[in-house]
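All remarks here apply to the structure that follows.
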Amino acid sequence: MAVRLLKLLGSFVATVLVSTVVVFLLLRVLPGDPATVALGIEATPEQLAAWREQHGMNTPLVVQYLEWLGGLLRGDFGVSYVTGQNISPVITDRLQVTLILVGLAMVLAIAVAVPLGTIAAIRHQRPSGAVISAVSQFGVAVPSFLVGMLLIVFFAIELDWLPSGGWVPPSEPGEFLQHVTLPVIALGTVQASILTRYVRSAVLEIQREDFLRTARSKGLTANLALVRHGLRNAGIPVLTVVGLQMAGLLVGAVVVERVFTIPGLGSYLVDSVGNRDLLAVQAVVVVLVVAIVLINFLVDLAFTLLDPRLRRAA
Amino acid sequence: MSPTTRTLAATAAVGGLLALTACTAGATASSPSGDAHDASVTIGLTGEPVNFDLTTTAGSAIPQVLMNNVYEGLVALDQDGELQPKLAESWTVSDDGTTYDFVLEEGVTFANGEEFTADDVKFSLERIATDWAINQGKMALLDHVEVVSPTEARVVLSKPSNIWLYDMAGTVGLMFDASGIGDLANTPVGTGPYTVTERVTGDHISLAAREDYWGEAPAITDVDLRYFADVVASTNALRAGDVDMLYNMQAPDLIPQFEADDELQVIQGSSNGEILLSMNNKVAPFDDVRVRQAIAYALDRQAIMDAAWAGYGESIGAMVPPTDPYYEDLNDLYPYDPEKAQDLLAEAGVEDLEITFDVPTRPYATAVSEVVVSQLAEVGVTATIASDEFPAVWLDKVFTKHDYQMSVILAVEARDLLATFNNPDYYIGYDNSEIAPIVAAADAGSEEEWVDGMKEVAEITATDVASLPLFLFPNIVVADAQLDGIAGNAVTESLVLSGLRWD
């Protein structure tokens with residue numbers, strides 16, 4: 001167990017470190033000059049040179065990288081080229097927003113997918129199962145930004161029930177719920193569809209397992225056997241998908257935040273790339289990488305807890 | 001009920017609860033487009049300020065919010081582009097044109113409670129040379145400011161200038177308080193009718209009317225400026241009633257739909273923005289005036305405006321909008337004439353011309369470029385589009401490194417005729433020694449001499465097709481039909497809020 005944990009931790013650190021190098025270098029070869037973007041078209045060459053000097057862009061790349069990495073280790077993302085403000089508090093604010101979106105979308109996806117997928121599996125030879133299956137297939141194919149736009153047209157413009165976008169923090173629960181509902185549904189439906197299909201096939205597979213036949217033969221009904229013994233085993237493949245989906249949701253949030261004008265990490269990333277706010281882009285990417293690697297790490301950890309064989313093997 | 005059914009029922013109930021929460025939230029929502037308007041307005045904008053410091057940060061986003069609303073200058077431009085008194089109730093100019101005596105309004109205070117006096121005029125203008133990072137050139141003529149009395153300031157220039165007072169109606173003329181500049185990036189302190197009360201980056205900026213404003217109190221006491229990165233998101237917000245007004249709307253194809261809606265009004269205001277087909281005068285083939293003239297004959301500018309921007313905008317024949325005092329109708333200088341274009345190309349010896357067309361990633365640019373390419377093809381010019389990310393790549397490649405042949409850009413700066421063509425080192429690279437002396441004489445002369453000189457410059461650059469203005473970009477405003485007092489003409493970068501009121 002301890003060895004396995006250490007291995008996981010090691011690969012976690014290595015992945016993050018490599019990604020910082022890649023991000024740093026990629027942004028340095030990106031065309032476009034941060035100084036011109038910041039100072040605009042009326043800046044003189046002297047002003048541009050002074051700006052580059054002031055922002056430490058004349059020092060060797062290795063030094064720039066190490067200084068940035070040093071800051072990262074202290075939890076300091078540096079000062080934005082564009083706004084002149086510390087990036088760390090901005091990241092904290094934006095991350096909060098994105099995590100709320102992603103978290104709620106995942107909860108929604110699981111809440112929809114687990115029952116629907118199970119029903120679809122149990123009734124796979126009946127019309128109701130086939131309908132769920134077909135609808136979820138359709139849902140997989142629709143991109144979340146399209147769902148978002150359709151939701152806006154229907155619920156915000158036609159029915160006028162909910163706002164078309166914007167963000168209110170959870171400290172004002174009523175307003176918060178109104179603003180968060182449509183984006184969460186937009187983000188969540190696609191994931192729910194994908195997850196439904198995985199739950200369905202996992203449950204179908206489990207039903208064919210010997211241990212379920214054994215459970216039934218000792219007198220349990222088919223459904224009870226599935227709930228008592230099957231779902232836990234079906235959970236392992238489903239958990240993998242949930243982990244992958246969390247990563248997908250973080251990325252999907254970039255687009256959905258744009259559609260709903262939500263000040264999350266995604267819109268910060270897009271704006272910062274446009275402004276060539278290199279340190280801000282680096283910060284967002286590192287946060288996303290850490291989040292995704294962390295999710296994978298947690299999924300691995302959860303496997304170990306769910307599956308006794310893995311615990312023994314370690 | 002079997003155990004499984006119970007589990008499923010429970011899960012379904014949770015799901016239903018979620019849905020229910022959503023619905024209740026919706027039902028209790030106060031209708032955003034409710035009929036009873038209070039004294040607040042929500043305005044949808046694009047291009048959010050990265051901070052509030054317009055002394056060091058370029059671009060029009062900051063002055064759009066702060067100029068005339070939070071900060072004020074001694075003078076201001078009205079909706080017709082005419083100079084009007086603001087913090088200066090009157091002024092006189094000496095006969096030699098170098099000394100301006102301003103009489104200041106009394107009883108004016110800054111938002112921090114400090115009184116506005118002639119000392120602030122001296123402080124604000126003299127610190128431009130030392131503390132501003134941008135636009136310093138506009139105050140380069142300033143020699144010094146004398147504080148004659150608390151309400152009288154004398155500004156002395158090193159030489160006469162017709163443009164200086166006009167520039168004073170822009171950002172360089174804004175008045176600051178010595179104790180109010182501690183945190184310009186976050187806390188702007190001015191004499192204007194509004195103060196900034198909240199800023200949530202990526203979302204909105206809130207302004208509130210000051211109770212101690214020296215002038216007429218604005219009818220709208222609370223203004224929310226909401227920023228949209230996506231034009232569709234902004235029009236959705238308008239249709240949903242989440243915003244009351246979209247300023248400088250950039251989706252002309254949606255206008256007919258808005259015009260058909262009785263609850264909305266569409267205003268097509270003027271702007272200072274020319275859609276400019278820029279040609280690099282320093283590289284082949286555009287170093288040959290005949291090739292540039294051929295391009296001017298080859299393009300049907302009205303058709304370009306119709307196809308690219310749904311016919312919204314104004315035709316212009318030179319880099320001068322009709323609101324400028326030295327405007328002259330030069331539209332007929334180069335009428336659409338593809339045959340003449342082909343003749344000129346043949347004369348220049350560049351038949352079967354192939355060029356690269358650098359197009360910034362902006363809606364207007366992509367829309368315009370497709371029409372331009374197809375019209376050029378008709379006279380045998382093959383233009384290959386190279387897409388440049390805007391602003392980062394375009395500014396670097398085209399604007400700074402001059403590494404291009406032809407491009408298209410919205411030149412938003414006011415009165416930019418000289419900045420564009422009277423500087424051989426500018427990215428256009430138009431080098432005509434004839435115009436610099438005309439400009440110098442005009443700026444130092446009387447107002448009539450100035451107007452005449454500028455007209456001459458406009459005509460020379462238009463005849464030479466130093467570059468080709470395609471049309472004047474419209475400032476399209478779509479708003480709730482009950483909103484009055486909208487300043488639709490974008491005469492400066494500023495969006496003037498103080499005139500707004502609900503019908």
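The values are calculated or read from the model by the stated rules, or taken from the named source; none is laboratory data. Everything numeric in this text was worked out from a predicted model, so none of it was measured. All Cβ positions, glycine included, derive from the backbone under ideal geometry; neighbour counts span all protein chains shown. For the accessible areas, the whole protein counts, side chains as well, though only heavy atoms, and no ligand, DNA or RNA atoms are used. Shrake-Rupley method; radii C 1.70, N 1.55, O 1.52, S 1.80 Å.
Couple of notes before you dig in:
- Pairs of Lys in chain B closer than 20 Å at Cα, counting only those 8 or more apart or on different chains: 7
- Just the protein heavy atoms count here, and of the accessible area of segment B:399-481 at 1.4 Å, carbon and sulfur take up 49 percent.
- Carbon/sulfur fraction of accessible area - segment B:237-363, other protein chains in place, 1.4 Å, %: 42
- For chain A, the relative contact order is 26 percent, taking Cα pairs closer than 8 Å that sit 6 or more residues apart in sequence and dividing their mean separation by the residue count.
- B:I385-A:A49 FRET efficiency (beta carbon distance; Förster radius 25 Å; 0.05 resolution): 0.15
- Dividing the helix sum by the residues of chain B, where each DSSP H run of 4 or more adds -39500 (n - 2.57), gives a mean residue ellipticity at 222 nm of -8500 deg cm²/dmol.
- Computed with a 1.4 angstrom probe on protein heavy atoms, the A-B interface buries about 3900 square angstrom of accessible area in total.
- Bridgeable lysines around A:K7 (alpha carbons under 17 Å apart, same-chain partners fewer than 8 residues away excluded) are absent.
- Per residue, the solvent-accessible area of the protein assembly as shown (1.4 Å probe, heavy atoms of protein chains only, all protein chains present) comes to 43 Å².
- Karplus-based coupling profile of segment B:447-460, in residue order and whole Hz: 4, 5, 5, 5, 4, 5, x, 5, 4, 4, 4, 4, 5, 4, with θ = phi - 60° in 6.51 cos²θ - 1.76 cosθ + 1.60 and x standing for Gly or Pro.
- Value of relative contact order over chain B, rounded to a whole percent, pairs C-alpha under 8 Å and six or more apart: 20
- Accessible-area order (highest first, 1.4 angstrom probe) of the listed residues B:Y166, B:Y227: B:Y166, B:Y227
- Mean Cα-pair separation over length for segment B:62-146, i.e. relative contact order, pairs under 8 Å, 6 or more apart, %: 14
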